[in-house]
Amino acid sequence: MNRKPWIASVSGMIIASLVLVVSPANASDYAYTSARNKPVYDYARVLNVEPVIRYVTVTTPVKECWEDVEYTTARNYRPARVGRTIFGALLGGVIGHQFGSGSGNDAATIAGTLIGAAAANNSSRNEPYYETTQSSHPVRRCETNYQSHEEERIDGYDVVYAYHGRKYATRTPFDPGKRLRIRVDVRPVPQ
């Protein structure tokens, strides 16, 4: 009798048995892992939706403008006294020339010139060198003020929904409408 084929067939049976025993265990682990990694979604009926409202104070800048009058003061330098002195000399010379006759005419003209120049020089000496003038002109002025008012802001929605006869509550960032998409999570409970 040849023993080698018998050992080969027994070895093959043992290996096949192990494969059959181990495979279902691995298959169930694989199936459980796959189902756990893929979530299941369904829809629940919405029973009630209430917005969650908060009040905030909003401040806005408001620019207000108006027309105003601005006054300016200017100091202007007066013309030099030399101009007045020359004008006084010319005027005095013309007047003196009218009073003199003959050879005294030249003396009267010179005397009128000297008297006119001296009078004009003295009159300008008593006045200040600068004159002050005031003027007004329209100016547009603006000012920024702030106005505050309260506004409602919706922070989310408190939702009550029913799924398989049970009621649940949650807060969502949106109004779900009549149906709410939910994730169904089934997990085994250890015994």
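The values are calculated or read from the model by the stated rules, or taken from the named source; none is laboratory data. Note that the structure is a prediction, hence the values are computed from the model and not measured. Don't worry about glycine lacking a Cβ; one is built from the backbone with ideal geometry, like all the others, and counts go over all protein chains shown.
For the stretch 155-170, filtering for residues that are over 20 Å from D42 (Cβ atoms) and modelled with pLDDT under 95 leaves 1.
Residue by residue, here is whether (1) within 30 Å of V159 (Cβ to Cβ); (2) at pLDDT below 75 holds:
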| site | (1), (2) |
| --- | --- |
| M1 | no, yes |
| I14 | no, yes |
| L20 | no, yes |
| S28 | no, yes |
| T33 | no, yes |
| D42 | yes, no |
| T73 | no, no |
| N76 | no, yes |
| A89 | no, yes |
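If you go through the stretch 135-191 and keep only what is touching an Asp or Glu at 6+ places or on another chain (Cβ under 9 Å), exposed (fewer than 10 other Cβ atoms within 10 Å of the Cβ) and under 30 Å from E67 (Cα atoms), you end up with S136, H137, P138, R140, C142, E143, T144, N145.
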